[in-house]
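Right, one structure below, let's go through it.
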Amino acid sequence: MIFFISFIWVRYFIKSLWQSVLISLAITIFIDIISRIFTKKKNSQSQLKSKDRENAENCFFSLSMDKNNLDFLFKLASSRHCCKKYSNCILVLHPESRIILFPNYSFASLSQDDLAKIVNSVIEHNPTKIVILCHSALKETYSFAKNFNIEVQVLDQYETYQKLYKNYNFFPEIKYSYKKDKKLALKDLAMFSLNRSRAKGYFFSALILIFSSFFVRANLYYAIISSLLVLLAIISLYDPFSKNKTDNQLL
């Protein structure tokens, strides 16, 4: 969108098409860089390497499916601190503080209601701080957590992995892991791009280019591209890759 706004005005002052395109591209890149600098917000996911992000997701997945997940957190906290285990949380005891470690193993984002219920469920232990572990949290939840008389800290699955598991060098057993989406093979891409449902789109795109060529000087460019689009439409009508399609029977 930035490029098209730039191109409209650059083209108004500069008659050369290629100069207009290059200048508009330079303006677009410059504005994009500036906007990224001023709007850059690092989140917990972007700070982790790809392998660590994958491990963090698999750790949460595995613990969420483990009926004894509280035992793991108790062992982790007990490796450095004096702790007590309750039915829904871990109490970490320090000489001058009492920290509640509360796991919320739900795949839904932590809401304000969820946070309020968690605080009410552990307030009887007189904590000075509550650390909630969750899959993710709504933006409003982080702001809402500041309204209590005690400190409430929310850690999503990536922050939990970085600040807790890696910091303590204590990791859960990975029993469940997400399956990676397979990349489209060239054959799959051809099946997707060259089928009868695409023919109409290619043909109408060619018509639009042919119509546009009456108003723009670069007639050769339009002739080449529109011809290619018509050829793609013809190939798509024959649906040459239909024989590779397989019907997946449910039962």
Q: Quick one: which residues, 5 or more positions from I130 or on another chain, have an amide H under 5 Å from its amide H? H modelled 1.01 Å from N in the peptide plane, none for Pro or chain starts.
A: I100, E151, V152, Q153
Q. When only the heavy atoms of the protein chains count and the probe is 1.4 Å, how do Y176, Y12 rank by accessible area, highest first?
A. Y12, Y176
Q. Under a 1.4 angstrom probe, counting protein chains only, how are K49, K85 ranked by accessible area, largest first?
A. K49, K85
Q. Just how much of R80 is accessible, in Å², when a 1.4 Å probe is used and the result is rounded to the nearest 10?
A. 130
Q: Output the relative contact order of region 1-112, whole-number percent, from Cα pairs under 8 angstrom with separation of 6+ residues.
A: 13
Q: For F30, tell me the accessible area in Å² from a 1.4 Å probe, rounded to the nearest 10.
A: 130
Q.
On a straight-distance basis, which aspartates and glutamates could pair with K85 in a cross-link, Cα separation under 12 angstrom, same-chain partners fewer than 8 positions away excluded?
A. D71
Q: Roll a 1.4 Å probe over the protein heavy atoms and report the accessible area of V10 in Å², nearest 10.
A: 20
Q. Using θ = phi - 60° and the Karplus form 6.51 cos²θ - 1.76 cosθ + 1.60, what ³J(HN,Hα) does each residue of region 92-101 get, whole Hz, x for Gly and Pro?
A. 9, 9, 10, x, 10, 8, 9, 10, 8, 10
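Determine the alpha carbon to alpha carbon distance for each of K51/K163; K49/K117; K67/K146; K51/K117; K84/K179; K51/K75 and list only those over 27 Å.
Details: K51/K163 16 Å; K49/K117 33 Å; K67/K146 31 Å; K51/K117 34 Å; K84/K179 36 Å; K51/K75 25 Å.
Violating the 27 Å limit, Cα to Cα: K49/K117; K67/K146; K51/K117; K84/K179.
Given a 1.4 Å probe and heavy atoms of the protein chains only, how would you sort K166, K146, largest accessible area at the top? Kindly include the intermediate steps, with their values, before the conclusion.
Values: K166 95, K146 165 Å².
Order by accessible area, largest first: K146, K166.
The values are calculated or read from the model by the stated rules, or taken from the named source; none is laboratory data. Only a predicted model underlies this, so the values are computations on that prediction, with no experimental measurement involved. Only protein heavy atoms, including side chains, enter the accessible area calculation; ligands, DNA and RNA are left aside. Shrake-Rupley method; radii C 1.70, N 1.55, O 1.52, S 1.80 Å.
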